[in-house]
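Note sheet for the following structure.
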Amino acid sequence: MASECDIQKIRSFFAADRFAAEAGVTIDEVSAEHVECGLLISPRHLNAAGSVQGGAIFTLADLAFAVHSNLELALGGETGVTVGQSNSISYLRAPKGQKLIARSACLSRGRHVSVYRVDIMDDLGNAVAVMIGNGFTKQN
């Protein structure tokens, strides 16, 4: 897990991601092996049917992907920025809890192309969605 100093540096770097921040997404845990982000569900995250809107779930997953794929850059490394090249998300079921948790894992990381899996669950342990994110690293 990243030290408290490192996680503050990472949070500071990603504070510029205004959409995720204003949606309420938080960066909760960071290590080389995984990143965990959270989202407390509030009325602003619900769709017309009263379920969590798919875009809120995707925003949570996308930030976990962004943080994990740009860890070195966020910590001051001289790498290029990794951007999403394509993403695929499968919604499995509506969350039952009060919080969503996204946990990323790197499946493959090359010089330019990377692939991450992000599992999204609720705070009761129910699987909510799975996202596969393909990143492209632009060289400086």
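The values are calculated or read from the model by the stated rules, or taken from the named source; none is laboratory data. Since we're looking at a predicted model, the values are computed, not measured. Neighbour counts run over all protein chains shown; Cβ positions are idealised from the backbone, glycine included.
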Residue match in segment 45-56 (condition: surrounded by 17 or more Cβ atoms within 10 Å (Cβ to Cβ), in a strand (DSSP E or B) and within 15 Å of the chain's Cα centre (by Cα)): no
Ile27 vs. criteria surrounded by 17 or more Cβ atoms within 10 Å (Cβ to Cβ) and closer than 18 Å to Ile89 by Cβ: no
Test result for Ser108, over 17 Å from Asn126 (Cβ atoms), free of Cβ contacts under 8 Å to residues at least 12 places away in the same chain and not in a helix (DSSP H, G or I): yes
Tally, over segment 68-105, of residues that are within 20 Å of Ala15 (Cβ to Cβ) and in a loop (DSSP other than H, G, I, E, B): 6
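Table: residues versus (1) out of contact with any strand residue (DSSP E or B) (no Cβ under 7 Å at 6 or more places or on another chain); (2) surrounded by 14 or more Cβ atoms within 10 Å (Cβ to Cβ); (3) at pLDDT 95 or above; (4) not hydroxyl-bearing (Ser, Thr, Tyr).
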| position | (1), (2), (3), (4) |
| --- | --- |
| Gln8 | yes, no, no, yes |
| Val35 | no, yes, yes, yes |
| Phe58 | no, yes, yes, yes |
| Ala61 | no, yes, yes, yes |
| Ala66 | yes, yes, yes, yes |
Qualifying residue in segment 14-21 (condition: more than 24 Å from Ala127 (Cα to Cα), surrounded by 16 or more Cβ atoms within 10 Å (Cβ to Cβ) and not basic (Lys, Arg)): yes
Test: Tyr91 is more than 18 Å from Leu46 (Cβ to Cβ), aromatic (Phe, Trp, Tyr) and surrounded by 14 or more Cβ atoms within 10 Å (Cβ to Cβ): no
